Number of protein chains: 2
Amino acid sequence: MERVYNFSPGPSMLPLEALSRARDEMLSQGGTGMSVMEMSHRSKAYLEIIHGAEQLLREIMSVPDNYKILFIQGGASAQFAMVPFNLFRAGRADYMQTGQFAAKAIDEASRFLTVNVVASSKDKKYSYIPELDKSKCDPEADYFHITINNTIYGTRFTTGAGTSGLPDTGGVPLVTDMSSSILSEVYDVSKFGLIYAGAQKNIGPAGLCIVIVREDLIGRAKPGTPVMMDYKTYADNESLYNTPPTFAIYMAKLVFEWVKARGGVAELQKVNEEKAALAYGFLDNAKVLRPTVAPRDRSIMNIPFVTGDEALDKKFIKEAETHGLVSLAGHRSVGGMRASIYNAMPLEGVKALVRFMEKFEMENK
Amino acid sequence: MERVYNFSPGPSMLPLEALSRARDEMLSQGGTGMSVMEMSHRSKAYLEIIHGAEQLLREIMSVPDNYKILFIQGGASAQFAMVPFNLFRAGRADYMQTGQFAAKAIDEASRFLTVNVVASSKDKKYSYIPELDKSKCDPEADYFHITINNTIYGTRFTTGAGTSGLPDTGGVPLVTDMSSSILSEVYDVSKFGLIYAGAQKNIGPAGLCIVIVREDLIGRAKPGTPVMMDYKTYADNESLYNTPPTFAIYMAKLVFEWVKARGGVAELQKVNEEKAALAYGFLDNAKVLRPTVAPRDRSIMNIPFVTGDEALDKKFIKEAETHGLVSLAGHRSVGGMRASIYNAMPLEGVKALVRFMEKFEMENK
C-alpha cells in the first residue's frame with residue numbers, strides 16, 4: 001500500500017504510527033472486544049482515553065494548572081461565536097485582521113459585540129503580519145484576538161526570543177485561533193487567555209476543537225448563551241456533558257503520544273524549522289517558482305508559492321501528483337501553490353518536494 | 001480477536017462489515033494513498049463520500065425532495081437550542097415530556113421561547129407515553145416537539161398502522177429527536193417538519209448529528225443566531241461551510257451501505273421486532289426479571305428490566321460480562337438493567353442474552 005506525501009492544508013497528514021495503531025485496534029480496543037467508536041463515553045475504558053488525552057496535551061504543551069482543556073465540536077468556526085458569547089463583559093473587543101479566517105472571526109463577533117479592528121494586512125492580500133499601533137488598542141477591551149498562523153496566506157506571528165510578534169495586550173486577555181500551528185512550535189500558554197484549535201491539522205480528525213482557557217474566563221457567559229456554547233458546560237463536566245466526539249479524541253490521544261515519543265514539541269519545532277528552511281532555501285533562489293511571503297512573517301506550517309502564470313501553476317500541481325506529491329493547490333481564493341507541512345509531514349516529504357521543484361525549474365526555465 | 005455483544009445505549013455497536021472496511025481502508029482509501037481522515041474536505045475523493053452518504057440516506061429513508069439533509073456537529077444537545085433558534089416565529093412551542101432528554105430539550109428551548117408542556121409522563125418515571133389532550137395544544141405554535149424513542153426509559157411513540165401514537169399537530173410542524181430509533185423502523189418523513197438524530201446509535205461514531213428538515217423551515221432563523229447554528233449555513237453549502245466531521249460522515253456512509261445491503265429499513269425493522277419480541281417474550285414470563293414498560297409503549301431499541309433488588313441487578317450485570325454480554329447497566333438515573341439492541345446488534349446477540357437470562361433465572365429463583 002503506497003502512501004503519498006499529502007500537502008493538504010487540513011484535514012491533512014496524520015502520523016503513520018497513529019493511523020496504524022487505530023487500524024490495529026479498530027475491531028477491539030485494548031482487549032475490550034469493541035472499537036473505541038462503540039464504547040459508551042461513560043465507560044471506564046473510555047474515561048481512560050479522554051482523561052489520558054487531556055493529561056498528555058497538558059504535558060506536551062506545559063499547560064498551567066489554572067487553565068482548563070476542553071474538547072468541543074463545531075471547529076474553529078463555532079469558536080468565532082463562542083469566544084464573544086463567553087468573554088462578553090463591556091461588549092468591546094480588539095481584533096487583528098490577518099487573513100480570511102481572521103476576517104470570518106471578525107464578522108461573526110461583530111454580530112454580538114463591538115469589534116475594533118486594530119490592524120489589518122488586507123491591503124496586500126494578507127501577505128504579511130501588520131505592525132500594531134498600540135494607541136489604537138482599547139485597554140478596557142474584553143479580549144484581543146489574533147490568528148497566530150494564517151493557513152491560507154502562510155504568515156505567522158513569530159514567538160522566538162527577540163522577534164516576538166505577539167502583541168503586548170497588557171491586562172486584556174489575548175485570544176488566538178491556533179488551528180494551524182498548535183504543537184508545531186513551543187508556545188507559552190500563560191501568555192494567552194484562551195487558545196482554540198480545530199484538530200484537523202496537527203491534532204487528529206476533523207470534528208474536534210481543542211480549547212485551552214484560563215479558569216477566570218469561564219463561568220461568565222452572557223445571558224442567552226446556549227448550553228452547548230458555554231465553556232462552563234464543558235469545564236464542569238470534563239467535556240462529558242453530552243457525548244463528545246469519542247473517536248476523534250482517541251485519535252488525538254494517539255497523536256499526542258506520538259508527539260511525546262518524538263521528544264515533545266521542542267523537538268518537532270526543530271524538524272519543522274528544518275523543513276521550512278529547506279523549502280524556502282530553494283524557493284528564495286529559484287527562477288520559475290517564487291515565495292509570496294516576506295521572510296519576517298513566514299509560517300513554518302504553510303508555504304505558498306507561485307510561478308506568476310496560472311497555466312504553469314496548474315502544470316506544477318498536476319505533475320507533482322504523478323510523483324506522489326498531492327494537494328499542492330493554493331486556496332481557491334488566492335491560487336498558485338501551497339505546501340502545508342504540518343508535524344506529520346516527514347522531512348523526507350519536503351526533500352521529495354524540493355527534488356521535484358528542482359526538476360520543474362530545469363524543465364520550465 | 002473476540003468481539004463482545006455490546007448492549008451500550010450509545011455510542012453502541014456498529015456493523016462489523018463497516019468497521020472492517022474502515023480498518024482495511026485506514027492507510028489508503030480507494031487508492032488515494034491517504035486515510036479518509038487525511039483528505040481535504042473539498043477534494044474530489046471526499047466530495048464523493050459526503051454526497052454519497054447524503055444520497056444513500058435519502059434513498060433508505062425515502063426522504064422527499066423538499067427536505068434537506070444536513071450534517072451538523074454538537075449532537076442532539078446542540079439541536080435543543082438550534083431548533084428554537086431556527087423555528088422561532090411567534091415565540092411559542094409545544095413539547096411532550098417523555099424522558100430526561102425531552103426534559104433537557106424543554107429546559108434549553110425555554111430559554112429562547114415560551115414552552116408549553118402539553119403532556120408529561122414524569123409522574124410514573126417516564127415509563128409510558130402519555131395521552132395527548134388536544135385542547136392543550138396551541139394551533140399557532142411554532143412547532144410541536146417529541147422524543148420519538150426514549151433511550152433511558154425504553155418507550156416509543158408507535159407508528160404502525162392503526163396504532164399510530166404520533167400526535168396530529170395539524171399545520172404545526174412536528175419536530176422529533178430520533179437519535180435512538182432512526183433507521184430502526186420505517187418512518188414517513190413527510191409527517192415531520194424536522195428530524196434530528198445524534199449518530200452514535202444507529203448511524204456511526206459520535207460527533208455527527210443528522211438533521212432532515214423541510215425546506216420551508218430553513219432561512220428564517222431569529223436575529224443573533226450564530227452562523228454555525230443556522231440551518232441555512234449548512235443547506236446553502238452542502239454541509240461544507242467549514243470542515244465537517246469527515247471521518248464520522250464516512251463511517252455513516254459505510255453504515256448506510258450496510259443498511260441497503262441488508263434489504264433496507266423495512267427489513268431491519270422486521271429483525272428489530274423479532275429481537276424485541278424475543279427479549280420481551282422471555283421477560284413477560286420470567287420470575288426474577290421483569291420489564292418496566294407497558295406493552296403498548298415498548299421501544300424495540302431499548303429494553304429496560306429489573307429484578308427489584310439492587311444487589312441482584314449488580315450480580316446480573318457482572319455475570320453477564322463473563323458471558324461476553326456487556327454494557328447492560330441501566331442509566332445511572334434509573335438503575336436496573338437495559339439492553340440496547342440497535343440495528344447492529346445481531347439476532348444472535350439477543351439469543352445469547354436470553355440464554356443467559358434463563359440461566360440467571362434458574363440460579364436465582
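The values are calculated or read from the model by the stated rules, or taken from the named source; none is laboratory data. The structure presented is a predicted model; accordingly, all values stated were derived computationally and were not measured. Glycine also receives a Cβ, built like all others from the backbone with ideal geometry; neighbour counts cover every protein chain displayed.
Brief remarks on what is shown
- Filtered residues of the stretch A:256-303 (kept if in a loop (DSSP other than H, G, I, E, B) and among the polar types (S, T, N, Q)): A:ASN285, A:THR292, A:SER299
- From the list A:MET362, A:MET357, A:MET337, A:MET345, the lone residue that is at pLDDT 95 or above and either hydroxyl-bearing (Ser, Thr, Tyr) or loosely packed, with under 14 Cβ neighbours inside 10 Å (or both) is A:MET362.
- Here the condition is being surrounded by fewer than 21 Cβ atoms within 10 Å (Cβ to Cβ) and out of contact with any Ser or Thr (no Cβ under 9 Å at 6 or more places or on another chain); of B:LEU132, B:LEU113, it holds for B:LEU132 alone.
- Candidates B:PRO64, B:PRO11, filtered to the one that is touching a residue at least 12 places away in the same chain (Cβ under 8 Å) and outside the structural domain of B:VAL211 (by TED's automatic domain parsing): B:PRO11
- Filter pass, B:ASP107 being at pLDDT 95 or above, outside any helix (DSSP H, G or I) and within 23 Å of B:MET82 (Cβ to Cβ): no
- Qualifying residue in the stretch A:78-86 (condition: assigned to a helix (DSSP H, G or I), more than 10 Å from chain B (Cβ to nearest Cβ), touching a residue at least 24 places away in the same chain (Cβ under 8 Å) and of a type in the set (Val, Ile, Thr)): yes
- Answer residue from the stretch B:36-61, given it is in contact (Cβ under 8 Å) with a residue 24 or more places away in the chain and assigned to a loop (DSSP other than H, G, I, E, B) and is farthest from the other protein chains (Cβ to nearest Cβ) among those: B:MET61
- Test: A:GLU25 is out of contact with any Ser or Thr (no Cβ under 7 Å at 6 or more places or on another chain), surrounded by fewer than 19 Cβ atoms within 10 Å (Cβ to Cβ) and more than 7 Å from every other protein chain (Cβ to nearest Cβ): yes
- Total residues in the stretch A:219-231 satisfying the condition of being touching a residue at least 60 places away in the same chain (Cβ under 8 Å) and surrounded by fewer than 18 Cβ atoms within 10 Å (Cβ to Cβ): the figure is 2.
- Residue match in the stretch A:198-213 (condition: of a type outside the set (D, E, K, R), farther than 23 Å from B:CYS209 by Cα and within 14 Å of chain B (Cβ to nearest Cβ)): yes
- Residue in the stretch A:307-330 that is more than 14 Å from chain B (Cβ to nearest Cβ) and of a type in the set (Val, Ile, Thr) present: yes
- Residue, farthest from the chain's Cα centre (by Cα), within the stretch B:62-77, restricted to residues that are within 14 Å of chain A (Cβ to nearest Cβ) and of a type in the set (S, T, N, Q): B:GLN73
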